[in-house]
Amino acid sequence: MTADIQKVHSTFASDERGGVAIMFALMFAVLLLGVGMTIDYGRVTHTSSKLRAAADAAALAGGLALLDGRNSNADVRAVTLKYFEENMSQGGKFVDVSSVNVIIDRNAGSVKVDVTAAVEMTVMRSQGFESIDVPVISSVLSDQKDIELGMALDVTGSMSGQKIQDLRDAAKDLVDILLPDGGTNNKVRIGLAPYAASVNAGGYARTVTNNASNKCVHERAGSEAFTDAKPDGVTTYLGYRPGLSCPSAKVEPLTSDKDILKTSIDGYRANGGTAGHLGAAWASYLVSPEWTGIWPVLSTPASYNDGKTLKAIILMTDGEFNTEYVRGNGNSAAQARQICTQTKDRDVVVYAIGFQSPADAEALLQYCASSPAHYFSARDGSELRQAFVKIAQQLNNLRLTQ
């Protein structure tokens, strides 16, 4: 009897199957909880990333809309919300967005997108977590320097008809964006250098040609042919010859008066050959501090590399450069290359736009542009307007700050 009791006790003591089952159940519960936490954490991470991307895109879109002087605060807010909703419609299925607040500060040039959202839990509900808040804030700021922009605009005969109207519209778009009716915190001035077979220097012609011309000019010869040297001596005066074909559109020095600029642009008429190098040269003269004393006081350019001024030119054409005057300088395209090189060497940003241009002209414009991002090829009037708008946006230098 005693032996039997001992046997039963020994068997019971050695049977661990119940303990293993209990241990396995506990481990399975912990494992299941861990998997659930991983799944829910993944949902939160994915959604947070999606929210951040949507808020950043919305803030940037709103910032660009704010920089466009034609948009009201309501317009800016509508654009911002549209971009946020479009981005969240693709892959935002785990999130409940309760509010999207768009905060606009025109004085600071900023747009903030403040998103309140939450992600519903799955397995973590068993631990009392119904949802996890995922707040996101994204802000953009226009980090604006003072801007001096000279625009070399093609008013040659090949620009006649709809093309010259497209140019007028595109150039005025840029003026409206950089010089909004409400004003800007930075100093923005734009100058115009329309060109055809020559440049109409208007009231500045006598000064820059030593009284040789009262209207139109061509390039100069000598060692300063491609520089921005001030035209105040025998070797630096601009050239002139009788019978020079002359556009009616005149040079307009730097100004912040958008009415002056838009009235001038509206008067553009197409006629004559394409001395594109003259346009490039005069656009650079407009922003050159070397020309102090030539331009009126209010149009005097700032010093190069003063730390607060962005200097830029736009060189726009629809055709090959085919008209030049000083034999020793090379043809118009070769002269334009020299001028573009020296302009960029002075840390002036060069934008280039080809408007239905042939391959040779596009190759030259690509060379002149400060980088591939500064070159635009427009196939129609709509793309031309887009190019000018994008340049205005780049000049305003919008950046994410939060």
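The values are calculated or read from the model by the stated rules, or taken from the named source; none is laboratory data. All of these numbers come straight from a predicted model, not from anything done at the bench. All Cβ positions, glycine included, derive from the backbone under ideal geometry; neighbour counts span all protein chains shown. Note: areas computed on protein heavy atoms with side chains; ligands, DNA, RNA excluded. Shrake-Rupley method; radii C 1.70, N 1.55, O 1.52, S 1.80 Å.
Multiply the residue separation of residue 212 and residue 300 by 0.36 nm, subtract the distance between their alpha-carbon atoms, and state the gained length in nm to one decimal. Let's see the in-between values first.
On the way: separation 88, 0.36 × 88 = 31.68 nm, distance 2.40 nm.
This chain segment gains 29.3 nm when fully extended.
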Carbon and sulfur atoms: what percent of the 1.4 Å accessible area of segment 155-215 do they account for? 39
Heavy-atom accessible area per residue - segment 296-360, 1.4 Å, Å²: 45
Round to the nearest 0.05 the FRET efficiency obtained for residue 160 and residue 73 when R0 = 35 Å and r is the Cβ-Cβ distance. 0.30
Length gain on complete extension for the stretch residue 46 to residue 342, per 0.36 nm per residue less the alpha carbon to alpha carbon distance? 101.6 nm
With all protein chains present and a 1.4 Å probe, how do 308, 145, 262 order by accessible area, largest first? 308, 145, 262
Per residue, how large is the accessible surface of segment 99-226? Use a 1.4 angstrom probe and give square angstrom. 38
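Among 98-104, 149-155, how do they line up from the highest to the lowest mean number of other beta-carbon atoms within 10 Å?
On the way: 98-104: 14.6, 149-155: 27.0.
The most tightly packed comes first, giving 149-155, 98-104.
Give me the extension gain from residue 359 to residue 146: residue separation times 0.36 nm, minus the current Cα-Cα distance, reported in nm with one decimal. Walk me through the numbers before you get to the answer.
Details: separation 213, 0.36 × 213 = 76.68 nm, distance 3.49 nm.
Extra length available between residue 359 and residue 146 comes to 73.2 nm.
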Quick one: pull the percent of accessible area on segment 285-402 belonging to carbon and sulfur, 1.4 Å probe, ligands and nucleic acids left out. 47
